[in-house]
Structure formats: structure tokens, C-alpha cells
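As C-alpha cells, the structure follows; a few thoughts come after it.
The values are calculated or read from the model by the stated rules, or taken from the named source; none is laboratory data. The structure presented is a predicted model; accordingly, all values stated were derived computationally and were not measured. Heads up, the Cβs are rebuilt from the backbone with ideal geometry, glycines too, and the neighbour counts pull from every protein chain shown. We work out accessible area using only protein heavy atoms, side chains counted, and drop any ligands, DNA or RNA first. Shrake-Rupley method; radii C 1.70, N 1.55, O 1.52, S 1.80 Å.
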Amino acid sequence: LLVDSLGLVLLAVVHPANIQDRDGAKLLLELFTNRFGWLKLIWADGGYAGKLVQWVRQLQRKRPIQLDIVRRSDDTRGFKVLPKQWIVERTFGWLSKYRRMSKDYETTIESSTGMIHIAMTRLMLKRAARF
């Protein structure tokens with residue numbers, strides 16, 4: 001998922017389980033290259049460090065974008081909330097409230113992606129109705 005600072009989904013890519021998340025992020029960022037021209041900074045979890053950072057540097061030739069890896073301090077013990085990482089985790093929590101999203105009921109990648117968009121659309125409409 002690519003979410004904004006409020007946790008609302010901008011892009012969603014569902015990939016097979018045999019693709020590592022770091023490699024799946026490339027699929028997401030390939031869609032991102034032609035959209036969201038206003039976006040200049042992406043925060044990512046420490047698990048996305050490595051080849052993805054180098055790949056984003058190549059992406060910078062097409063558009064100015066910065067990838068910041070949010071890392072956990074080596075001297076930290078136990079659980080600690082990392083800055084900015086909780087945003088996407090909260091989005092996953094919101095999505096898991098929908099029964100169809102609580103387990104992998106979908107049989108195709110397209111229907112899984114569609115359910116993410118339907119769930120987020122419903123969530124945003126509920127919030128908009130409050131105002």
C-alpha cells in the first residue's frame with residue numbers, strides 16, 4: 001500500500017506470496033512514477049532497505065522523489081512505536097475491520113485490489129458524512 005500521511009490509500013498493489021515485499025514495492029512504485037506529482041517523500045520500513053533504495057535512486061532520473069527508511073535504533077529493547085511507520089499499520093487495521101478483508105477470501109489479484117479500494121472508499125464516505 002502507498003498511503004498518504006492520514007493513512008488513506010493512494011495506490012494498492014496485490015502480488016503473489018512468492019514475491020518478497022521489497023520486490024513488490026517496485027511494482028507499486030512503477031505505478032507511482034506517472035501519478036501523484038506532488039509527492040516528494042516516501043517513508044518506508046527498515047525491511048525495504050537495500051536494493052529498493054538503489055532502485056529509487058534510478059527512479060529519481062524520471063522525477064524528484066526521496067525514500068527515507070524508518071529504522072529502529074539498535075539499543076532499543078522491546079516494542080517501540082517508530083515515527084511514521086504506524087500510519088500504514090493503522091490503515092491495515094482499518095482494512096481488517098471489513099469481513100472480506102479479515103482473511104484472504106479473494107481468488108484473484110484484481111478482486112483483492114478492488115476490495116481494498118471498496119473498503120477505503122466506504123471508510124472515506126463514512127468520514128465525509130460526519131461533516
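General remarks:
- Low-density loop cleavage sites - trypsin sites (Lys or Arg not before Pro) in segment 1-74, where at most 15 other Cβ are within 10 Å (DSSP): Arg35, Lys40, Arg61, Lys62, Arg71, Arg72
- Loop-located chymotrypsin sites (Phe, Trp or Tyr not before Pro) in segment 1-91, at most 16 other Cβ atoms within 10 Å (DSSP): Phe36, Trp38, Phe79
- Split the accessible area of the chain by element, probe 1.4 Å, and carbon with sulfur accounts for 53%.
- Per residue solvent-accessible surface (Å²) - the chain, probe of 1.4 Å: 70
- Span per principal axis, largest first, for the Cα atoms of segment 1-67 (Å): 32, 26, 21
- Inter-label distance for Met124 and Tyr105, nm, one decimal - labels placed 7 Å from Cα along Cα-to-Cβ: 2.3
- Largest to smallest principal axis extent of the C-alpha atoms in segment 44-120, angstrom: 39, 37, 18
- Close amide H partners of Leu67, meaning residues 5 or more places away or on another chain with modelled amide H under 5 Å apart, are Ile42.
- Cross-link check: pairs Lys84/Lys126; Lys51/Lys103; Lys26/Lys51 evaluated at a Cα-Cα cut-off of 21 Å; pairs beyond the cut-off: Lys84/Lys126; Lys51/Lys103.
- Max mean-square fluctuation residue, GNM over the chain, Cα-Cα springs under 10 Å, options Leu67, Leu39, Leu11: Leu39
- log10 of Debye I(q)/I(0), alpha-carbon scatterers only, for the chain at 0.15 Å⁻¹: -0.84
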